[in-house]
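Participant: First, the structure itself, so that you have it in front of you.
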Amino acid sequence: MSTPSLSLPGGTWTLGDLAVTRFGYGAMQLAGPWVMGPPADREGALAVLREAVDLGITHIDTSDAYGPRVTNELIREALHPYPESLHIVTKVGATRDEQGGWPTARRPEDLRRQVHDNLTSLRLDVLDLVNLRLGNAEGPQPGSLAEAFETLVELQQQGLIRHLGVSNATEGQVTEAQSIAPIVCVQNMYNLAHRHDDKLIDRLATDDVAYVPFFPLGGFTPLQSSALSAVAARLEATPMAVALAWLLQRSPNILLIPGTSSTAHLRENIAGAGLCLSHEDLTELDDIGR
């Protein structure tokens, strides 16, 4: 591995007993359009993964449903045997249909199959961290997670999973999961324009539980805000850089997993997340999603 030429912003966080960089990498965008099929540029996708590790990133987020199986196979091809410092986080609880939808798959037999599929595709004996994906494609939905989460606890007790988390979850579901077994992270949609989890983030910080925002830059539609654009212009930075920097400064338990299929864009994201926002900047940005 080469010596990193960029300093990763944010330092590190400990997921249970796993030390990870707060700036991580999300592999979803390495699959084809709408997260289906292979990438248009397979060598480029492999290069991004190798660059991420070369730059010191130790947290890669994936799922066997991406593609499906595409991103896990790319990760294995690019990085196996994995560096000891690298931790791969995956999720279960949804599958894909032929139309590109995300039907739920949270029956015990579904979850056991998905865990074993992730182990196989990543060529691992143990998964570092598995998030249980709840809700649906429209967002979190109320309801008990007990049966599904207890299934993952059983797999953890069998030695197939080190740590557990939840994704696309309501605050009540987070609390229910914590009443069943320890969790080390919550992965929900959150960014400057979607601030519904503010109180949850603060509560998790006191519990030393990480909060990992997916779609930190708005998802398939980039964040649009006149206030964000104004702050970016003042700092001579891009709006996306400011949005990432704001997340890192929002709370120390926030971990970033922005995705990209370009090594140049990966480096831009790292540099952007390292912006130092002033009190004035933060005050102006904090009003966007409220």
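Participant: Only one of (1) under 23 Å from K91 (Cβ atoms); (2) modelled with pLDDT under 95 is not met by V231, so which one is it?
Facilitator: Failed condition: (1).
Participant: Can you name every residue in segment 137-156 that is of a type in the set (S, T, N, Q) and assigned to a loop (DSSP other than H, G, I, E, B)?
Facilitator: Q141, S144
Participant: Which of (1) more than 23 Å from Q187 (Cα to Cα); (2) open to solvent by 20 Å² or more (accessible area, probe 1.4 Å); (3) not aromatic (F, W, Y) does A78 not meet, given it meets every other one?
Facilitator: (2)
Participant: Run down D125, D117 and say which single residue is without any contact (Cβ under 8 Å) to a residue 40 or more places away in the chain and open to solvent by 10 Å² or more (accessible area, probe 1.4 Å).
Facilitator: Residue meeting the stated conditions: D125.
Participant: If you check R69 against the conditions, is it surrounded by 13 or more Cβ atoms within 10 Å (Cβ to Cβ), farther than 21 Å from R22 by Cβ, in contact with a His (Cβ under 8 Å, 6 or more places away or on another chain) and in contact (Cβ under 8 Å) with a residue 40 or more places away in the chain?
Facilitator: Answer is no for this residue.
Participant: Now a separate question. Name the residue, out of L266, L255, that is modelled with pLDDT of 90 or more, under 21 Å from R203 (Cα atoms) and within 17 Å of the chain's Cα centre (by Cα).
Facilitator: L255
Participant: Now for a different question. Of the residues E84, E51, E73, E98, only one is under 22 Å from R267 (Cα atoms), over 16 Å from the mean Cα position of the chain (by Cα) and not aliphatic (A, V, I, L, M); which?
Facilitator: Selected residue: E51, the only one of E84, E51, E73, E98 that is under 22 Å from R267 (Cα atoms), over 16 Å from the mean Cα position of the chain (by Cα) and not aliphatic (A, V, I, L, M).
Participant: Any chance segment 138-156 includes a residue that's in contact with a Phe, Trp or Tyr (Cβ under 9 Å, 6 or more places away or on another chain) and open to solvent by 10 Å² or more (accessible area, probe 1.4 Å)?
Facilitator: Checked against the condition, which is being in contact with a Phe, Trp or Tyr (Cβ under 9 Å, 6 or more places away or on another chain) and open to solvent by 10 Å² or more (accessible area, probe 1.4 Å), segment 138-156 yields no hits at all.
Participant: Can you tell which of L244, L235 is closer than 30 Å to I183 by Cβ and hydrophobic (A, V, I, L, M, F, W, C)?
Facilitator: Only one candidate passes the filter, namely L244.
Participant: Here's something else I'd like to know. Tell me, yes or no, whether segment 257-272 has at least one residue that is within 25 Å of V92 (Cα to Cα), of a type in the set (A, V, I, L, M, F, W, C), in contact with a Pro (Cβ under 9 Å, 6 or more places away or on another chain) and buried (at least 21 other Cβ atoms within 10 Å of the Cβ).
Facilitator: yes
The values are calculated or read from the model by the stated rules, or taken from the named source; none is laboratory data. Computed from a prediction, not measured in an experiment: that's the story for all the values here. All Cβ positions, glycine included, derive from the backbone under ideal geometry; neighbour counts span all protein chains shown. Only protein heavy atoms, including side chains, enter the accessible area calculation; ligands, DNA and RNA are left aside. Shrake-Rupley method; radii C 1.70, N 1.55, O 1.52, S 1.80 Å.
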